[in-house]
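The values are calculated or read from the model by the stated rules, or taken from the named source; none is laboratory data. Note that the structure is predicted; figures quoted are calculated from it, not measured. A quick note on method: Cβ atoms are made from the backbone with ideal geometry, for glycine too, and the neighbour counts reach across all protein chains shown. When the accessible area is computed, the model is the full protein with side chains, heavy atoms only, and any ligands, DNA or RNA have been set aside. Shrake-Rupley method; radii C 1.70, N 1.55, O 1.52, S 1.80 Å.
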Amino acid sequence: MSLQTELGNRFKIELISRIAAICSGMILTVILARLLEPDGYGLLFFALSILGAAKMVSKLGLGKSTGRYVAKYNTSDRGQLRHILEFGLLANLATIALTCLGLFMFAAEIASLAGEPDLEPLLLVGVLFVLCGTLKTFVRKVLQGFEDIKTAALVKIVDASSKLLFVIALVVLGYEALGALLGYALSLGLAAALGGVIIYWRYYRSSPRAPREAGLRRRIGEYSIPITATSTANVLDKQVDTILIGFFLTPAAVGFYTVAKQVIESVEAPMASLGFTLAPTYEVQKEQGNTETAARIYEAALTNGLLVYVPAAAGLVLVAEPFVELVFGADYLEAVPVLQVFALYAVLLAITNITSNGLDYLGRARARAVAKGVTSVCNVGLNILLIPQYGVIGAAVATVITHSLYTLANLYIINQEFNLRVLYILRHSVGIVFVTLVMSVAVATIAGAIQGWLTLISVIAVGVFVWALSAVLTGLLDLQAVRSHLLA
């Protein structure tokens, strides 16, 4: 089987898992938004944003560092794999224990500091959420290192499907936000247990045990440091804005912001899947001396991704208001301008999703951490300046500005590794902008006719048709190649 075919198969499997997670997440978003109302919904995600920060402390980049060394030694010295897995897991269990203990002891103080006493029981249940969530992340990163994308996808599917069952059941039974959070934790625990068992039986037991290479543990620990820095910066980007909205504004405002952000994060699945699939391949190809092959793979992923996401972002801006009203209800219309600002964020995420993971596997975690750290600190500063004056829209603008800078830094770093064909990428980008303009004119012309689900779907269908036709006529989309990939 060729490398292209193998990567295509892995990508499709990972994409299916993320689509399952998206469907589960969107169903949960709609149901919870309607069952809990803006205040209860906002309180739940206020708690989740704080727990996301705690989870960052508990994982400390150990999962990805372990996965990176698994990928490195899986083809060169399998006798080291047991040592890598043992050290990675034990180190991660230690950080989990310290984090969960601190969260349990200081839950009341955190709730008081946030000005929301109702947060305390959520944070106590959140101890289980942090434990299970960190272990699930660890097993997914290890499976990624083994290039076992199929099993990593299975872990995600189990989490997504069981989450839908547990969360809805507990909320319907009357446990409200507390039950929803417990449902999240139970689904993460089930997925982590499944992944751990598979790693043990499929990889740990079958790997020979050679004498441990000198300095191996130290290198794993050291490489986790820049990854930890990046993870910390990710929390500043993805969680602190929500925390600051809760601090400066109201739980309802958190609900509006979360709705918009979840819509954007749900549409990033294809590129997130592709980035997850390709990341270890870059390291393997580099180890084998095939840097040119890795560069062409990255260029194809980048240009094809932009061909989808730039027009999709423009379309989202045009249909944001009827979409929010139909999906979430009129109570959430204040999320519309936030969603429109975040449309650009979706494009930026598409680029970083296929770039940042690969940089960690290519040994450029430190450079990425510096870029992420600087832009994330700027993001916090802009949020503090803009939220009191402009509300949730200010938070969205701050995120887009700082993530734009981070995206440019990612492109600069990966170009140092691969020596990309910049003119080739720019020519494709000009064509993508033209296709986007043509599609936007068509959608804007008929967007005013949207009155319900049928007309919304019809407008989207017209937009997709005009996009596909324009892309084919400009030579950006090869239908025969798409057909062959789908049938492969």
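Quick test for you: out of VAL172, VAL235, pick the one residue that is aliphatic (A, V, I, L, M), under 23 Å from the mean Cα position of the chain (by Cα) and modelled with pLDDT under 85.
Working: VAL172 fails: under 23 Å from the mean Cα position of the chain (by Cα).
Every option except VAL235 fails the conditions.
Collect the residues in the stretch 286-344 that are among the small types (Gly, Ala, Ser) and over 30 Å from SER76 (Cα atoms), keeping them in residue-number order.
If we filter the stretch 286-344 for residues that are among the small types (Gly, Ala, Ser), which is where we start, we get 289, 294-295, 300-301, 305, 312-315, 320, 329-330, 335, 343.
Across the stretch 286-344, the qualifying residues are GLY305, ALA312, ALA313, ALA314, GLY315, ALA320, GLY329, ALA330, ALA335, ALA343.
Give the residues of the stretch 408-435 that are open to solvent by less than 20 Å² (accessible area, probe 1.4 Å), within 20 Å of ALA314 (Cβ to Cβ) and within 25 Å of the chain's Cα centre (by Cα), sorted by residue number.
ILE432
Out of curiosity, is VAL197 assigned to a helix (DSSP H, G or I), in contact (Cβ under 8 Å) with a residue 24 or more places away in the chain and of a type in the set (Val, Ile, Thr)?
On the way: assigned to a helix (DSSP H, G or I): yes; in contact (Cβ under 8 Å) with a residue 24 or more places away in the chain: no; of a type in the set (Val, Ile, Thr): yes.
No, not satisfied.
May I ask you to verify whether THR134 is polar (S, T, N, Q) and surrounded by fewer than 20 Cβ atoms within 10 Å (Cβ to Cβ)?
Working: polar (S, T, N, Q): yes; surrounded by fewer than 20 Cβ atoms within 10 Å (Cβ to Cβ): no.
No, not satisfied.
Check ARG212, ARG205 and return the single one that is open to solvent by 30 Å² or more (accessible area, probe 1.4 Å), out of contact with any Ser or Thr (no Cβ under 9 Å at 6 or more places or on another chain) and in contact (Cβ under 8 Å) with a residue 60 or more places away in the chain. Please lay out each step first, then the result.
On the way: ARG205 fails: in contact (Cβ under 8 Å) with a residue 60 or more places away in the chain.
None of the other options fit; the residue is ARG212.
For the structure I just gave you, tell me whether SER356 is crowded, with 22+ Cβ neighbours inside 10 Å and touching an Asp or Glu at 6+ places or on another chain (Cβ under 6 Å). Before the answer, list the steps.
Working: crowded, with 22+ Cβ neighbours inside 10 Å: yes; touching an Asp or Glu at 6+ places or on another chain (Cβ under 6 Å): no.
No, not satisfied.
Return yes or no: is LYS72 over 23 Å from the mean Cα position of the chain (by Cα) and open to solvent by 50 Å² or more (accessible area, probe 1.4 Å)? Lay out the reasoning, then the answer.
Numbers: over 23 Å from the mean Cα position of the chain (by Cα): yes; open to solvent by 50 Å² or more (accessible area, probe 1.4 Å): yes.
Yes; evaluated as a whole, the condition is true for this residue.
Just give me the residues in the stretch 264-293 being at pLDDT 80 or above and open to solvent by less than 10 Å² (accessible area, probe 1.4 Å), in sequence order.
ILE264
If we scan the stretch 166-180, do we find a residue that is without any contact (Cβ under 8 Å) to a residue 12 or more places away in the chain and open to solvent by less than 60 Å² (accessible area, probe 1.4 Å)?
yes
Does the stretch 6-17 contain at least one residue that is β-branched (Val, Ile, Thr), in contact with a helix residue (DSSP H, G or I) (Cβ under 8 Å, 6 or more places away or on another chain) and at pLDDT below 75? Spell out the reasoning first.
Kept after step one, since they are β-branched (Val, Ile, Thr), are these residues of the stretch 6-17: 13, 16.
From the residues that got through so far, the ones that are in contact with a helix residue (DSSP H, G or I) (Cβ under 8 Å, 6 or more places away or on another chain) too are 13, 16.
Next cut, at pLDDT below 75 only: 13, 16.
Yes: the stretch 6-17 contains one or more residues that are β-branched (Val, Ile, Thr), in contact with a helix residue (DSSP H, G or I) (Cβ under 8 Å, 6 or more places away or on another chain) and at pLDDT below 75.
For the stretch 373-387, give me the residue count where each residue is within 9 Å of TYR406 (Cβ to Cβ) and without any contact (Cβ under 8 Å) to a residue 60 or more places away in the chain.
Residues in the stretch 373-387 being within 9 Å of TYR406 (Cβ to Cβ) and without any contact (Cβ under 8 Å) to a residue 60 or more places away in the chain: 1 in total.
Per-residue answers, yes or no, for (1) polar (S, T, N, Q); (2) under 27 Å from TYR200 (Cα atoms); (3) touching a residue at least 24 places away in the same chain (Cβ under 8 Å):
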residue	(1), (2), (3)
MET105	no, no, no
GLU116	no, no, yes
PRO121	no, no, yes
VAL130	no, yes, yes
THR134	yes, yes, yes
PHE138	no, yes, yes
VAL142	no, yes, yes
LEU154	no, yes, yes
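Scan the stretch 316-333 and report the pairs whose first residue is closer than 13 Å to GLN262 by Cβ and in contact (Cβ under 8 Å) with a residue 24 or more places away in the chain and whose second residue is assigned to a helix (DSSP H, G or I) and among the aromatic types (Phe, Trp, Tyr), with Cβ atoms within less than 6 Å and a gap of 6+ or a chain change.
Short answer, once both residue conditions are applied: VAL324/TYR332.
Those residues that are open to solvent by 40 Å² or more (accessible area, probe 1.4 Å), farther than 12 Å from PHE328 by Cβ and at pLDDT 75 or above, I need them from the stretch 23-34; list them, please.
ILE27 - this is the single residue of the stretch 23-34 that is open to solvent by 40 Å² or more (accessible area, probe 1.4 Å), farther than 12 Å from PHE328 by Cβ and at pLDDT 75 or above.
Within the group PHE87, PHE104, PHE129, which residue is aromatic (Phe, Trp, Tyr) and crowded, with 21+ Cβ neighbours inside 10 Å? Talk me through it step by step, then tell me what you get.
Numbers: PHE87 fails: crowded, with 21+ Cβ neighbours inside 10 Å; PHE104 fails: crowded, with 21+ Cβ neighbours inside 10 Å.
On inspection, the qualifying residue turns out to be PHE129.
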